[in-house]
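Derivation of every value follows stated rules applied to the coordinates shown; laboratory data play no part. No experiment lies behind these values; they were computed from the predicted model shown. Note: ideal-geometry Cβ built from the backbone for every residue, glycine included; neighbour counts use all protein chains shown.
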Amino acid sequence: MKKKHYILAAILLVVGIFSLLIRGSYVNILVNENNYKETSINQDSHEYIHLAKNIANLKCYAQNSIYSRYLSVLRTPGFPVFYALFEYFGTAPVSLFWTQVVVGACIPVIAALLAFMIIKKFSASIVTGFLSSISTSSIFLTGAIMVDLLFAFVFIVGFFLLYFGIVHLKKIPILIAGLVFGICSLIKPTTIIWPLYSILIYFFLSKANKASIKYDILIIFVMVQIAIVAGWGLRNFHTERIFTLSTIGTQTLRHYLSVEVIELGKEKNSPSTIIKSIKSEQKRLRREVQLALNTGTSIKKLHDTQLNESINILFSNLYRTYICYRRNHSCPKTSLE
C-alpha cells in the first residue's frame, strides 16, 4: 500500500512540476515582453478591475456612481476580491499572473489524483494529468484577467472534497464542498443552477461507490450553496431592487443569443456574418446602456428592458431560438458566447 502511495505521489509531483514549467514559461514571456496589456485585458477585465480597485482602495464594492453600481450587479464578487488582494499591495496584474501559474498548475494535479481515485489505475492518473497540463486554454488563461481559471480551480477542489467525503464516509469534506461550490457561484454566476445538479451528482457518486446516502448532510450541503447564492441576490435586491445573483444572464441573452436569432432569420447569413453582427450589436448596446444610465434610467428598468426585448425576440421564432441554443451548446469551441 505504501508503495502505491509513493508511486502516486511521484506522478502528482511530476505532473505539478511539468504544469508549473509550461505555465511559468508562458507568463514569463508575457511579462518580459510587456505585452500583457494587449493580450490579457478585455472589456470584461476592465469591469473586474474597476470593482477590485473599489474593494482595495475604497473599501466598498461599488462607488456612488450609476456605472459602478451597474457593474456591481453585473459582476459577482469572486474574482474582484481575488484581484483586489494584489491591487491592495500595488503589484497587480503581474503578481496575479504568477499566482495564476501556481493555481493553474494545481488543476492537473487534482485532476490526476481524482482519476486515480475513480479508476484505481496509475495510467489513468498519468494520462489525465498530462492532457490537463497541456490544455491550451488553461495555459493561456494564466496570463488573462478572467474568472475562468480561478473558477476551474475552486470547482475542482469542491468536486474533490465531495468525492472524498462520499467515498470515505466523511461529513466535513462534503459540507466544505457545499461552501466551495457556493463560492463558485460568486466567481462565475452561470453555476447558479449547480446546487440542483449537485443533488444528482451526490446520488450518482454515492450509488457508484456503494456509499450510504445521508439525507441530513445532503440537505445542509445544498442549502449552504443556496444560502450563498440567495445572500448575494438579496444584496442586489437591497441596492438595485433586482433579486438576482447577476444580471449577466440578461445581458448575454440580449447581446448574443437574441442577435444570433435575428441574424439567422436573414436571407443571407453565415458564421462570419453572425459574429460580425454580434460584435457590432454589442458595441451599439453598450453605448445604449451607457447613454441610458447617464440620462437617469434606473438599473432595474434597464435590466427589465433588456429582458423583455430578449424574450420578445426569442419567442418570435422558437425554432430559430432552439437551433441557436443547440448549436452554441453542442459546439462549445465555436460558441458565440
Quick one: check the C-alpha center-to-center distance for the range 152-207 versus the range 33-75, whole angstrom. 29
Just flag the trypsin sites (Lys or Arg not before Pro) in the range 173-218 sitting in loop per DSSP whose Cβ has no more than 15 other Cβ atoms within 10 Å. 210
Full-extension gain between residue 197 and residue 17, please, as 0.36 nm times their residue separation minus the C-alpha to C-alpha distance. 61.4 nm
Total charge of the residues flanking residue 139 in space, meaning their Cβ is under 15 Å from its Cβ, with Lys and Arg +1 and Asp and Glu -1, is 0
Scan the range 241-314 for GluC sites (Glu not before Pro) in coil per DSSP, keeping those whose Cβ has at most 12 other Cβ atoms within 10 Å, and list them by number. 267
So which residue, out of 152, 112, 211, gets the largest mean-square fluctuation from a GNM of the chain using Cα contacts under 10 Å as springs? 211
What's the extension gain from residue 65 to residue 284 if we count 0.36 nm per residue and subtract their Cα-Cα distance? 76.7 nm
What is the Cα centroid distance between the range 106-147 and the range 287-317, reported in whole angstrom? 41
Can you give the net charge of the other residues whose Cβ lies under 15 Å from the Cβ of residue 114, counting K and R as +1 and D and E as -1? +2
Can you tell me the length gained on complete extension of the stretch residue 307 to residue 137, counting 0.36 nm per residue apart and subtracting the Cα distance? 58.1 nm
If the limit is 32 Å between Cα atoms, which of 37/268; 2/210; 3/188; 37/121; 37/188 go over it? 37/268; 3/188; 37/121
Along the principal axes of its C-alpha atoms, what lengths does the chain span, in descending order and rounded to whole Å? 68, 51, 48
For a Förster distance of 45 Å, can you work out the FRET efficiency between the beta-carbons of residue 122 and residue 41, rounded to the nearest 0.05? 0.65
Quotient of Cα Rg and 2.2 N^0.38 Å for the range 98-227, N being how many residues it contains: 1.08
Set Lys and Arg Cβ to +1 and Asp and Glu Cβ to -1, take the dipole of the chain about its Cα centre, and tell me which of 192, 31, 110 lies farthest positive. 110
Residue-averaged [θ]222 nm for the chain, counting only DSSP H segments that reach four residues, each worth -39500 (n - 2.57): -25000 deg cm²/dmol
Calculate, axis by axis, the spread of Cα positions in the range 172-211 along the three principal axes, and write the results as whole Å, longest axis first. 33, 20, 9
Over the Cα atoms of the range 192-273, each weighted equally, I'd like the Debye log10 I(q)/I(0) at q = 0.10, 0.13, 0.22, 0.23 Å⁻¹, rounded to two decimals. -0.49, -0.68, -0.98, -1.02
